[in-house]
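The values are calculated or read from the model by the stated rules, or taken from the named source; none is laboratory data. This is a predicted model, so every value here is computed, not measured. Every residue, glycine as well, gets a Cβ built from its backbone with ideal geometry; the counts of neighbours run over all protein chains shown. Just the protein is used for accessible areas: all its heavy atoms, side chains included, with ligands, DNA and RNA removed. Shrake-Rupley method; radii C 1.70, N 1.55, O 1.52, S 1.80 Å.
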Amino acid sequence: MGFSEKIRKLRRGKKLTQVQAAQEIGISMRGYQDMELGTLPRYERLLRIADYYDVSVDWLMGRTENRESHKI
């Protein structure tokens with residue numbers, strides 16, 4: 001499962017629309033739509049997404065199967 005599928009699944013798991021998810025994360029709706037269509041985010045945006053969904057950046061980017069966030 002790639003990045004776009006993961007954020008779509010996470011958003012749907014919270015029962016949010018793309019508009020709601022974008023507002024919660026603090027990005028434009030179009031930017032969120034683009035990511036669900038396959039555009040990879042900049043680092044700062046990636047961190048906000050990982051924090052909001054409480055998952056690891058490495059999991060979002062496909063580097064590990066461990067979803068757990070390791071916040072300090």
*Under 6 Å by Cβ, and 6 or more places apart or on different chains, what pairs join a residue from the stretch 35-61 that is open to solvent by less than 60 Å² (accessible area, probe 1.4 Å) with one that is small (Gly, Ala, Ser) and part of a helix (DSSP H, G or I)?*
GLU36/SER4; GLY38/SER4; VAL57/ALA50; LEU60/ALA50
*Identify all residues within the stretch 2-20 that are over 20 Å from ASN66 (Cα atoms) and touching a Phe, Trp or Tyr at 6+ places or on another chain (Cβ under 6 Å); write none if there are none.*
GLN18
*Per-region count, the stretch 22-34, residues surrounded by fewer than 16 Cβ atoms within 10 Å (Cβ to Cβ) and free of Cβ contacts under 8 Å to residues at least 12 places away in the same chain*: 5
*Take the stretch 9-18 and flag every residue that is surrounded by fewer than 18 Cβ atoms within 10 Å (Cβ to Cβ) and not hydroxyl-bearing (Ser, Thr, Tyr).*
LYS9, ARG12, GLY13, LYS14, LYS15, LEU16, GLN18
